[in-house]
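Before any comments, here is the structure.
The values are calculated or read from the model by the stated rules, or taken from the named source; none is laboratory data. What you see is a predicted model, and the numbers here were worked out from it, not measured in a lab. Cβ atoms come from the backbone with ideal geometry, glycine included; neighbour counts cover every protein chain shown.
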Amino acid sequence: MTILTSRSARRLLIGVHYVGFTFFALFVSGFFSMRGNGWPAFVGDVLIFFGTGIWLLWISRNYKLDRVCLPRTTKLDERQVQVRARTLAASYFVVVGIFIALLFWTTAAKHLSFVRRPSGDDWSTIATLCLLLISFLPSAIVAWNEPDLPPSPEEPKETREQASPPLMRPFR
Amino acid sequence: MSRQELALQVGVNYQTIGYLERGDYAPSLELAFRLSEVFGLPLEMIFSREPFEPLSLAHLRSNGATKP
């Protein structure tokens, strides 16, 4: 697994992921709006949701965004525990924010004529998008926030010394 | 001593040692004491709330020089 030490590279990767998720959700939305009713539509819906579920499962087992900045360790040290706690708290706030926004939209649509009421297809799109975004949220937050990493001890010595000065120096 | 060796001795990830060096992370008292034991130095010689004076200046001063 490649560890991306540069924060800008990690942020670019996260941006690409999330833009991709949004396009995928829009594609699903288009699929729902074009399909008809009856058994073919039902089978199509089931395939879309099962396909998304299997895809997410595969990605979560093989490709974790948090590994681009935190090495796979069996035991987290004190800094990593702090990072995890902050990340989970931030994820919680984002999820609550999404739910409040949806609640606001449905309430506004109920009472205000110029606000469009969400249809069943809208909810399907929102559910797909939320599923994709929220699944990767903690990993994405860690990868987004972690500063540029110190070089790995497995890297060649010359690369390490170029990237970072030696630990102990007699004079500066 | 490499980061990896120091990290193993104090029981943290090597990246945490890197963040400590760069001042991106403030250690717990427990970790600070462990580092102090490894280096055999008092805490105030390893950590400070103010930036440390370069060793070259301290060396010159100890030799009686008034200016670096």
Inset, instruction - Would you tally the residues in the stretch B:1-46 being of a type in the set (K, R) and at pLDDT below 90? - result: 2
Legend entry - Residues located in the stretch A:112-142, provided they are at pLDDT 85 or above, farther than 24 Å from A:V28 by Cβ and not β-branched (V, I, T): none
Inset, instruction - Report yes if some residue within the stretch B:24-34 is within 19 Å of A:P147 (Cα to Cα), within 11 Å of chain A (Cβ to nearest Cβ), touching a residue at least 12 places away in the same chain (Cβ under 8 Å) and aliphatic (A, V, I, L, M); otherwise report no. - result: no
Inset, instruction - Return a yes/no flag: does the stretch B:38-61 have any residue that is more than 7 Å from every other protein chain (Cβ to nearest Cβ), more than 28 Å from A:N145 (Cβ to Cβ), among the basic types (K, R) and part of a helix (DSSP H, G or I). - result: yes
Legend entry - Of the criteria (1) at pLDDT below 70; (2) outside any loop (DSSP other than H, G, I, E, B), which one A:F24 fails: (1)
Legend entry - Cross-chain or 6+ apart pairs with Cβ under 7 Å, the stretch A:77-93 first and more than 10 Å from chain B (Cβ to nearest Cβ), then surrounded by fewer than 17 Cβ atoms within 10 Å (Cβ to Cβ): A:R84/A:L76
